[in-house]
């Protein structure tokens, strides 16, 4: 006869950040989600730019002064990084969709490459912008 009076069986705990060691693919996943949220905010800023442009000279001057401030440039720098990281991550995901690159070492390498590409491409973009007087 089966004894059912013991209640529910003890279940294992779900893995969490305290259980798993930190690794690059985890960082890439979290960074990708943050970058997508940032790109949504960038879309709002782009819509505000179009609204300011359509509203007249004073509105556009106010918008450009806000975005030209140190905080505005920092936001634009973050959006530049988010855009380049999202591009690199999408390429990485395309290979994953084809079943390529799931080996742990390959996944770590492509994650680090995506972050490095975003950093280098952001730096190059901002250096070119500064050299051409866009800043």
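Taking Cα atoms only, the orientation of helix 57-67 departs from the longest principal axis of the chain by about 50 degrees.
Using alpha-carbon pairs under 8 Å, 6+ residues apart, how would you state the relative contact order of the chain in percent?
Value for the chain: 29 percent.
Residue-normalised convex hull volume from the C-alpha trace of the chain: 222 Å³ per residue. Once the Cα atoms are used to define both axes, helix 70-97 deviates from the longest principal axis of the chain by about 50 degrees.
To the nearest ten degrees, helix 24-55 and the longest principal axis of the Cα atoms of the chain are 30 degrees apart. In terms of its alpha-carbon gyration tensor, segment 48-89 comes out oblate; a/c meets the 1.5 threshold, while b/c is at least as large as a/b. Rg over Rh for segment 59-135 works out to 1.16, both radii taken from alpha-carbon positions and Rh defined as the Kirkwood radius.
Its DSSP H runs of at least 4 residues, each contributing -39,500 (n - 2.57), put the calculated 222 nm mean residue ellipticity of the chain at -26000 deg cm²/dmol, to the nearest 500. Straightening the chain between residue 10 and residue 116 buys 33.7 nm, computed as 0.36 nm per residue apart minus the Cα-Cα spacing.
FYI, it's all coordinate maths here, none of it is from the lab. Quick caveat: nothing in here was measured; it's all calculated off a predicted structure.
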